[in-house]
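Have a look at the structure below, then the notes.
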Amino acid sequence: MSDKNQHAAIDLEWANLLSPQRRTVLRGGGLVAALAASGLAGTALAQDGGVKRATPAPGKSPWGEHTDTAPTPRPVSVRPGEETLPSAPRAYTDIESYHAHIYFDEDSYQKAALIRKWAAERFRIELGDWNLEPRGPHVTPSFYFGFTNDLLPVIVPWLQLNSLGLTILIHPNTEDPRADHLYYALWVNRSQPVNGYAMKKPGPGEPRVEQIFVNTRPSVKIERA
């Protein structure tokens, strides 16, 4: 068998293994046939001007023209103490209480219910309602409970050991709620986004710091080793 016939036999064998569209490429050859087999003919012709392009909508963009040349501005800082370095540390007594936010979803709500029950049975806390939709800076379903500073050394390790794998945000309550949620926070397990950008300090006539009003009656002793 000559080299030419041998190559033709090999090509035919490959063609039989390939799809009918690709056989066209091997038998007919040519760029257009290859593009047709791969479904790219229309794209290539459009790039060459062979296909009429869509007509843009009439009118002007509300953003104006040449937006690509606009300068890049720096946003106003929202982080506490960023403008200048502080001359001394803040007093830890600026923290008046704490919140623990327990996050859950449709697959883990039963774990959240168990943590809620256990906490109410063991601690004097302010237990909030269920938030089944995003609320405030919290972007997923959650519930929270507030507690006083003296419980911090107990509740933090208790939540670490009894989180049941849920994400928990623990933050202090100071006069700056945005900083409390975004920069002074502790996380149990994974962290998640908190939409605290628009949070503001209390206005005139409002309490300087969010207050804790205990509404549980503990009936179970905290487990100890």
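Read the figures in this text as sums done on the coordinates, not as results from a lab. Only a predicted model underlies this, so the values are computations on that prediction, with no experimental measurement involved. Positions of Cβ are generated from backbone atoms using ideal geometry, with glycine treated the same way; all protein chains shown enter the neighbour counts.
Annotations
- Over all other residues within a Cβ to Cβ distance under 9 Å of Pro202, the charged ones net out to 0, with Lys and Arg as +1 and Asp and Glu as -1.
- Averaging Cα coordinates gives a centre for segment 79-146 and one for segment 183-208; these two points are 9 Å apart.
- Gyration tensor verdict on segment 89-185 (Cα atoms; rounded if a/c is under 1.5, prolate if a/b is larger than b/c, oblate otherwise): oblate
- Over all other residues within a Cβ to Cβ distance under 15 Å of Val154, the charged ones net out to +1, with Lys and Arg as +1 and Asp and Glu as -1.
- Prolate/oblate/rounded call for segment 114-169, Cα gyration tensor, a/c under 1.5 rounded: prolate
- Two-site FRET efficiency, Val76 against Ser163, from Cβ-Cβ distance with R₀ of 35 Å, rounded to 0.05: 0.45
- Reach of Lys117 by Cα under 23 Å, taken over lysines that are not fewer than 8 positions away in the same chain: Lys221
- Cα gyration tensor shape of segment 52-143, rounded if a/c is under 1.5, else prolate or oblate by comparing a/b with b/c: oblate
- Of the peptides 179-188, 63-72, the order by per-residue mean of other Cβ atoms within 10 Å, starting with the highest, comes out as 179-188, 63-72.
- Estimated FRET transfer efficiency (Arg224, Tyr197; beta-carbon r; R0 41 Å; 0.05): 0.45
- In loop segments of segment 117-193 as defined by DSSP, there are no GluC sites (Glu not before Pro) with at most 10 further C-beta atoms inside 10 Å of their C-beta.
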